[in-house]
Each structure stands twice: as structure tokens, then as C-alpha cells.
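Worksheet: the structure to be examined is printed underneath.
Derivation of every value follows stated rules applied to the coordinates shown; laboratory data play no part. Note that the structure is a prediction, hence the values are computed from the model and not measured. Please note: Cβ atoms are built from the backbone with ideal geometry, for glycine as well, and neighbour counts cover all protein chains shown.
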């Protein structure tokens with residue numbers, strides 16, 4: 001079994017994905033030996049501060065607006081329990097298991113850096129829960145994105161103290177029962193531990209990583225769908241010529257044009273230069289410019305989340321120098337603004353993939369727009385048959401919903417904690433909206449792929465069934481036809497949409 005060693009510095013996107021989606025084959029997670037030493041050193045420093053009577057936020061004081069309330073030494077442990085139970089006020093649907101696992105992994109990695117003051121045994125319990133598949137039930141809503149993801153992370157941590165609900169082997173049960181079945185033992189928190197578990201950006205980061213991975217996959221899917229549509233519409237690949245893009249050298253525009261050329265290589269469904277039809281509509285001709293700009297937003301999101309994966313985001317932070325001098329610093333690494341902005345940017349970029357895809361679906365189904373290359377609504381005997389007419393309606397509805405969802409959450413803020421926490425990021429709101437946008441685009445692309453394959457079959461009736469699609473699109477066409485047949489006459493289509501969505505979602509189209 002693969003083992004992922006957490007040290008707070010080297011966690012990757014691929015590792016998060018493997019743990020989130022691995023199921024029974026998920027890698028085992030362990031804390032590296034070096035990280036264990038640093039974690040223990042910081043936990044010992046917290047006890048030293050307590051013994052000295054040092055006043056430190058969240059260790060010997062209350063939280064938020066209660067930062068000036070000194071907590072007696074005999075109530076320090078109760079303080080840490082209280083932060084979990086008082087902050088576990090999330091509402092709404094629970095996160096799915098992959099997202100929950102990603103949250104747990106990222107939180108453990110942050111704490112493994114050794115600046116948070118949590119004991120090794122407490123951190124190990126969180127890792128053990130992940131390894132045996134005890135998943136806290138974490139409601140999706142309630143985080144403001146500063147001070148971190150307090151409410152959802154409190155739900156994540158409740159089982160550690162024997163509270164809250166968990167999912168175990170497909171069943172929702174109490175944490176007590178889940179620990180009984182797996183041999184785990186809940187604990188009492190020590191000073192600083194409740195704050196360390198709840199104060200940070202792990203929920204935003206988990207959502208951001210998983211949705212960025214989806215965006216990367218669907219960006220490629222959009223290129224593939226666009227090329228198959230171009231072939232169905234007797235389009236030309238001349239607009240993807242390298243010489244054009246060298247004169248406007250955005251790296252990812254050039255990268256996209258190169259990929260489109262590779263997909264269409266050796267295609268017998270594209271047209272050569274014609275003085276009567278010298279260029280295609282923008283939705284075909286401008287794919288490198290539009291899809292390339294989306295690639296830019298995705299690359300920015302990956303850059304942000306690769307940093308955040310290995311960042312320490314709780315507060316206060318503990319520093320120990322070479323002379324064993326202990327410093328406790330209060331700061332704001334829990335603020336989710338970098339993540340919220342990245343996810344808002346990504347949301348409206350991915351929404352554009354949906355917009356241009358929906359317009360290609362319109363062109364495939366509108367006989368006048370495709371210059372009578374394809375029959376109206378991709379059906380024979382139109383009138384009696386509606387064909388793909390209403391598929392385009394669904395795509396239009398999803399694209400329109402995305403225009404609403406693309407409004408940035410990060411430009412909003414609302415003061416909390418008696419105006420002490422007076423500017424927040426709304427990062428989880430950005431993340432949830434982003435997820436919805438990507439869900440919608442997943443379905444729009446599925447509809448385009450269905451429509452393009454239908455169009456290709458009509459083209460074959462004209463140019464011959466023996467003609468080859470492009471080097472990249474021909475395999476995708478075969479895949480589609482293994483799950484979605486040519487639609488001869490009106491039939492129930494929603495099951496085919498779902499089958500096509502699955503091919504998009506699980507990466508088989510890109511593969």
C-alpha cells in the first residue's frame with residue numbers, strides 16, 4: 001500500500017486526490033518522523049508557556065471578542081472543548097466523503113508543520129480516523145472564511161472528543177459508536193488544541209483543490225467537444241495555425257491551439273481553405289483565445305492552492321528559535337482572501353467554457369446557423385421529431401444559471417464577533433458556487449458531445465462512413481457511441497445525458 005508522509009511542506013494535488021477518491025485503495029497516511037519531532041516540540045512549548053503564566057491568545061484567553069478574558073489554568077482544557085462544541089453550528093447538506101477526506105488530510109498536514117501547538121497524539125487520532133474511514137459529518141454552510149473555516153472544522157474535530165456524527169462504511173452513526181467499531185479512543189484536548197483544529201483554511205483549500213482538478217479535466221474536455229463540433233459542422237482548423245498564435249503569444253492560448261491541432265490531426269471532416277467560406281463563427285474559430293484564457297485562470301488557481309496546501313493557517317503561531325526561546329505571534333494566515341479570489345476567478349472562467357459550449361450546441365442544432373450542413377435539430381423528419389431541440393434549452397438554462405453563480409462572493413464581507421473580525425473572505429461561499437458552476441459545465445459539455453456525435457453521423461451520410469475523424473476525436477466518438485446511440489427518432493434522452501455526463505466526470509473522455 002502506498003504511504004503518504006505528512007510533514008506540512010510536501011503535500012501535492014495528486015496525493016489529495018488519491019486520498020479523497022481512493023476508497024478501499026486509498027494510500028495510508030502517516031506523520032513523518034521529522035514532523036513528529038516538530039509537533040512535539042511545539043506542544044511542549046505550549047506547556048512551558050502555561051507553566052510560566054504567559055498570556056497568549058487562545059491558550060490562556062478567550063476567543064474573538066473575548067480575547068481580553070483571561071482563563072484560569074484549571075479551565076484551560078475546558079476552554080478547548082468549549083471551542084469545538086460552541087463552534088459546531090454548521091447547517092445544510094453534509095460534504096461528500098471525498099471532500100471530507102480532503103479536509104481531514106489537509107488539516108493534518110497543516111498541523112504537522114509544527115507551529116500549532118497540538119500534541120502528536122491528538123494529531124495522530126485525526127490521521128487514524130482518516131486511515132480507518134471514520135468520516136465526520138461536516139455541514140457545508142457556516143464558514144465566513146475568516147477566522148478560517150471555524151464551523152465546519154469544529155464539526156470535523158468533534159469526534160476527537162467523543163461528540164458529533166460520523167459516516168463509517170456507508171452508515172451515519174455517532175462518533176462513539178464509530179470509535180467503538182474501529183478501536184479508536186476519544187481524548188480530552190490540551191491547551192491550544194481546539195483552536196489549532198478549527199482555525200484555518202482547510203475546508204476552502206480542500207474544495208479549491210478538488211474543483212481545480214475538475215476544471216483542468218473539463219478544460220480539456222471542452223477542447224475535445226469543440227473539435228468534434230467543428231468536424232460535425234465542416235469547420236476548418238486553419239484558425240489554429242501556429243503562426244497566428246505566435247503573434248499573440250499568451251502561453252496557454254498557444255498551448256490550447258497546439259492541443260486542438262493534435263486532436264484534429266489527419267481529420268477528413270474538416271474543410272480546406274475556400275474562397276467562399278474563409279472562416280468559421282467565433283465559437284469555433286476563437287477556441288484558443290477563449291479556452292486558453294480559461295486555462296490561465298485554472299493555472300492561477302493551481303498556483304494558489306499548491307501554496308495553500310503546505311501553508312500554516314491557524315492563529316496564534318508558535319515559533320522556537322535555536323536557543324529554545326519561545327515566541328507566540330498572532331496574525332491572519334487564516335484569512336481566506338487569496339483562495340476566495342482565486343475561486344471566484346475560476347468560477348467565471350469555467351462559466352465561459354459553458355457559455356461557448358452552449359453556443360456551439362446552438363450552432364449544431366440550428367440549420368440556418370450551420371449553413372444547412374446539418375438537419376434542423378439534428379433529426380430526420382423534423383416536426384414530427386423535435387430531435388435535439390430541447391437539449392439546447394437545457395444547456396441554455398445551465399449556462400444562464402452560471403451567469404448568476406459567477407458573481408464573486410469575495411467582494412462581499414460582513415463583520416462578526418462584535419466587530420473584531422470586521423472583514424471576512426466568504427471563501428467557502430466562493431467554493432460552493434464554483435462547485436455548482438463546474439457541475440453545470442459538466443452537463444453542458446456532455447450535451448455538446450452528444451450533439452456533436454449526432455452531427456458527425458449526419459456528416460458521414462454525406463461524405464462517407466469510411467472517412468476518418470481527427471487523431472484525438474475519433475476515439476472519443478467511439479466512446480460516445482458505446483454509451484449513447486445515434487438517435488433515429490424522438491426517445492427519452494435524460495438517461496443518455498446522464499451516461500454522457502459520467503464519461504465526462506470520470507475522465508474517460510479525456511483519457
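Side notes on the structure shown:
- Relative to the longest principal axis of the Cα atoms of the chain, the long axis of helix 97-111 lies at roughly 50 degrees.
- The calculated Kirkwood hydrodynamic radius for the stretch 171-270 is 18.6 Å, given to one decimal from all distinct C-alpha pairs.
- Grouping the Cα pair distances of the stretch 212-344 into 10 Å bins from zero gives a pair-distance distribution of 11, 31, 22, 13, 11, 8, 4, 1, 0 percent in increasing distance order.
- Fewest-first ranking of 480, 487, 103, 414, using other Cβ atoms within 10 Å as the exposure measure: 414, 487, 480, 103
- Overall form of the stretch 345-422 per C-alpha gyration tensor (a/c, 1.5; a/b vs b/c): prolate
- Between the stretch 427-462 and the stretch 133-152, the alpha-carbon centres lie 30 Å apart.
- DSSP assigns beta bridges within the chain; of those with both partners inside it, close to 75 percent run antiparallel.
- The stretch 208-505 - Rg (one decimal) and Dmax (whole number), Cα, Å: 22.9, 85
- Label-point separation in nm, residue 482 to residue 13, each point 7 Å along Cα→Cβ: 2.6 nm
- The stretch 404-511 - Debye-derived log10 I(q)/I(0), Cα point model, q = 0.18, 0.19, 0.20 Å⁻¹: -0.91, -0.97, -1.03
- The stretch 208-505, relative contact order [Cα under 8 Å, separation at least 6], %: 25 percent
- Dimensions (Å) - the chain, Cα atoms, principal axes, largest first: 86, 50, 44
- Which of 17, 274 has the fewest Cβ neighbours within 10 Å, and the rest in rising order: 274, 17
- Per principal axis, descending, Cα span of the stretch 163-214 in whole Å: 37, 34, 15
- Volume of the Cα convex hull of the stretch 1-81, divided per residue and given in Å³: 149 Å³
- Alpha carbon Rg of the stretch 260-409, scaled by the compact-globule rule 2.2 N^0.38 Å: 1.66
- Mean separation of Cα contacts under 8 Å (6+ apart) over length of the chain, as relative contact order %: 17 percent
- One Cα centroid belongs to the stretch 477-511, the other to the stretch 341-415; the line between them spans 18 Å.
- Summary value for the stretch 224-381: 23 percent relative contact order, contacts being C-alpha pairs under 8 angstrom separated by 6+ residues.
- Interatomic Cα distance distribution for the stretch 1-148, bins of 5 angstrom, percent: 2, 9, 16, 18, 19, 17, 12, 6, 2, 0
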